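Working notes for the structure below.
All of the numbers you see were taken from the coordinates with simple rules; none came from a lab. Computed from a predicted structure; not experimentally measured. Cβ sites come from the backbone with ideal geometry, for glycine too, and all protein chains shown count toward neighbours.
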Amino acid sequence: MDPETAILETEDAMEKAVEYLHHEFATVRTGKASPSLVENIDVHVHSYGSTMKLKQLAMITAPEARLLEVKVFDPATTQDVERAIRESRLGLNPAAAGISLRIPIPELSEERRIQMVKLIKQIAEEAKVRVRSSRKEGMDAAKKMKADNVLTEDGQKDHETEVQKLTDKYVKIIDELVVAKEKEVMKV
């Protein structure tokens, strides 16, 4: 492996950690309706005898700022979808309206907002752990290349410096995303 490939792989892994963070932040309730809030809820469908993601069973829209509408593709699955949403940890209460479900998104209480901020910080810490893991892999790659005489000692130091710069860059991006998401959650 050459040094450039190792740096690119390290950066790619760190970028994936930030993508993971974006995906996880989309599922954190902020008080406004967003289809991503419910699309990954697991629904056990009795008529199919399997468990599927909600987005595979229905079209999810946000017709208003505080309302989600879930239109199931198969009317036989409506009750299963309703049960799954009600039993999810989101604390939502869907109301059946024919073949669709209307889900009002209630205002978040101050206590619930503080819980959401804690959850955001926990998710961000997981992303930082992924970035640090990528850093370790990058540093180990530098040591291996030094041992295989692909890099000189100075080359190894330069490689490690480059990996550290990438780590700092991605940790800073994560911190900025946390601050932005925290503001969004705490906004009344």
- Task: Please compute P(r) over all alpha-carbon pairs of the chain, binned at 5 Å starting from zero, and give each bin as a whole-number percent.
- Result: 1, 8, 14, 14, 12, 11, 10, 9, 7, 6, 5, 3, 1, 0, 0
- Message: Rounding to the nearest 10 and keeping the result within 0 to 90°, find how far the Cα-based axis of helix 78-87 lies from the longest principal axis of the chain.
- Response: 60
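Once a ≥ b ≥ c are taken as the square roots of the eigenvalues of the Cα gyration tensor of region 35-104, is the result rounded (a/c under 1.5), prolate (a/b larger than b/c) or oblate (a/b not larger than b/c)?
Details: a/c = 1.68, a/b = 1.41, b/c = 1.19.
Because a/c hits 1.5 or more and a/b exceeds b/c, region 35-104 counts as prolate.
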- Message: Less than 12 Å apart at the alpha-carbon level, and either on another chain or at least 8 residues along: which aspartates and glutamates does that give for LYS32?
- Response: GLU64, GLU107, GLU184
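About its Cα centre, what dipole magnitude does region 35-104 give when the only charges are +1 on Lys and Arg Cβ and -1 on Asp and Glu Cβ, stated in debye to the nearest 20? Kindly include the intermediate steps, with their values, before the conclusion.
Values: 8 positive and 8 negative charges, 25 e Å.
About 120 debye.
Run lengths n ≥ 4 of DSSP H only: what is the helix-derived mean residue ellipticity at 222 nm for the chain, with -39500 (n - 2.57) per run over all residues, to the nearest 500? Walk me through the intermediate numbers first.
Values: 5 runs with 110 residues, N = 188.
Only helices count here, giving -20500 deg cm²/dmol.
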- May I ask which of LYS53/LYS128; LYS16/LYS55; LYS157/LYS183; LYS144/LYS181; LYS118/LYS157 have a Cα-Cα span longer than 29 Å here? LYS157/LYS183; LYS144/LYS181; LYS118/LYS157
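In the neighborhood of ALA58, defined by Cβ-to-Cβ distances under 11 Å, what is the net charge if each Lys or Arg adds +1 and each Asp or Glu adds -1? Spell out each step's value before the answer.
Numbers: positive: LYS53, LYS55, LYS71; negative: GLU39, GLU69, ASP74, ASP80, GLU82.
Once positives and negatives cancel, what remains is -2.
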